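The values are calculated or read from the model by the stated rules, or taken from the named source; none is laboratory data. Source: prediction; values computed, not measured. Ideal geometry is used to build each Cβ from the backbone, glycine not excepted, and the neighbour counts take in all protein chains shown.
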Amino acid sequence: MLTTRKLGTQGLEVSSLGLGCMGMSQSYGAFDDAESIATLHRAIELGVTFFDTAEVYGPFANEELLGRAFEGKRDGIVIATKFGFDIKDGKTTGTDSRPEHIRAVVEASLKRLRTDRIDLLYQHRVDPNVPMEDVAGTVGELVTAGKVRFFGLSEAGVANIRRAHAVHPVSALQSEYSLWERNLEPEIIPALRELGIGLVPFSPLGRGFLTGTAKRGEEYPEGDHRRNDPRFQGANFEANMRAAKTVGEIADAHGAKPGQVALAWLLAKGDDIVPIPGTKRRTYLEDNVAAADLALSADEVARLDAALPPEIVSGARYTERQMAMVDR
């Protein structure tokens, strides 16, 4: 059963597991809007209140999908979306967090989402050409205007988190964090806890790798970005499959699925952490939500920590071009 958790100290409260909606409109093969909408409605029935989208997903199609799905169901749910990319002819051409661009994106997102407020507005990637103080100040103005409720950052490093938070309180940082991607542990998670900022891990199932169903990159269809993911290629794939074996063993001991163990590990890492596993199908959603009922022992958490330390996972988590946009 899902409980609620607080993201940050400004009052944002959400279900202990959210739903990442990106895959309903890009990156993971064919789309079925009817099944996606049914999945969104089923999520509400299961107690999920936290839904994650962005203007760039599609682009624009994902926000429009959520707008249709949540019309008449807006109360009681928390919608997070993001700004920060320059989008031309359906493609991103770089970052853009100029204040005038932020304001324009928010107006467009509100229309697509068919709502009068964005609950959590993230800067999608740090823009090296715009001072973080200007970004935080602009979002603060949107909060004052009632168009945004809470401010978040995505894939920001410690220095920019501190700069933003000094201007307008940051409620949440969204970054990749899972058993197979633990780059946040040395510096970023301690800084978040010092400042009272929640963590929203995306790709908490390692893009499917921690579910026990991963295939080699070349076996995924065109349009699925795992075809080019370094961790799904060649020797990296073999090494990562060996590393993930412990997840399956603990799942078997609980009569659970590997993905549920991966989510339970994250939930055990702190009440300020709210994973957003992504799916576009009801059956996977139901599996993910059931992870909230799986209690791992301290020994099992330690065993997982030891089985998948950062130095064992093989391959970069993004292509070189994508990694260049991560603020580390």
For the range 278-328, which fully contained helices (runs of 4 or more DSSP H) count at least 2 residues that are out of contact with any Asp or Glu (no Cβ under 7 Å at 6 or more places or on another chain) and at pLDDT 90 or above?
-> 282-290, 298-307
Failed condition for residue 257, given (1) crowded, with 19+ Cβ neighbours inside 10 Å; (2) of a type in the set (Lys, Arg); (3) at pLDDT below 95, with all others met?
-> (3)
One residue from 283, 279, 211 being surrounded by fewer than 17 Cβ atoms within 10 Å (Cβ to Cβ), within 22 Å of residue 48 (Cβ to Cβ) and hydroxyl-bearing (Ser, Thr, Tyr) | 283
Name the residues in the range 65-92 that are under 18 Å from the mean Cα position of the chain (by Cα) and not in a helix (DSSP H, G or I), would you?
-> 77, 78, 79, 80, 81, 82, 83, 84, 85
Residue selected from the range 67-109 under the condition farther than 16 Å from residue 124 by Cβ and among the aliphatic types (A, V, I, L, M), by the criterion surrounded by the most Cβ atoms within 10 Å (Cβ to Cβ) | 69
With respect to the numbered conditions (1) within 28 Å of residue 326 (Cβ to Cβ); (2) in contact with a Leu (Cβ under 6 Å, 6 or more places away or on another chain); (3) among the small types (Gly, Ala, Ser), which one is the sole condition not fulfilled by residue 47?
-> (1)
Going by the conditions given, is residue 55 in contact with a helix residue (DSSP H, G or I) (Cβ under 9 Å, 6 or more places away or on another chain) and of a type in the set (D, E, K, R)?
-> yes
Taking into account only those residues within the range 93-128 that are closer than 18 Å to residue 53 by Cα and small (Gly, Ala, Ser), which is farthest from the chain's Cα centre (by Cα)?
-> 104
Qualifying residue in the range 246-257 (condition: in a helix (DSSP H, G or I) and more than 21 Å from residue 301 (Cα to Cα)) | no
Pull up the range 214-254, narrow it to residues that are polar (S, T, N, Q) and closer than 24 Å to residue 27 by Cβ, then point me to the one that is surrounded by the fewest Cβ atoms within 10 Å (Cβ to Cβ).
-> 228
Can you tell me which of 34, 30 is modelled with pLDDT under 95, aliphatic (A, V, I, L, M), surrounded by fewer than 24 Cβ atoms within 10 Å (Cβ to Cβ) and more than 19 Å from residue 122 (Cβ to Cβ)?
-> 30
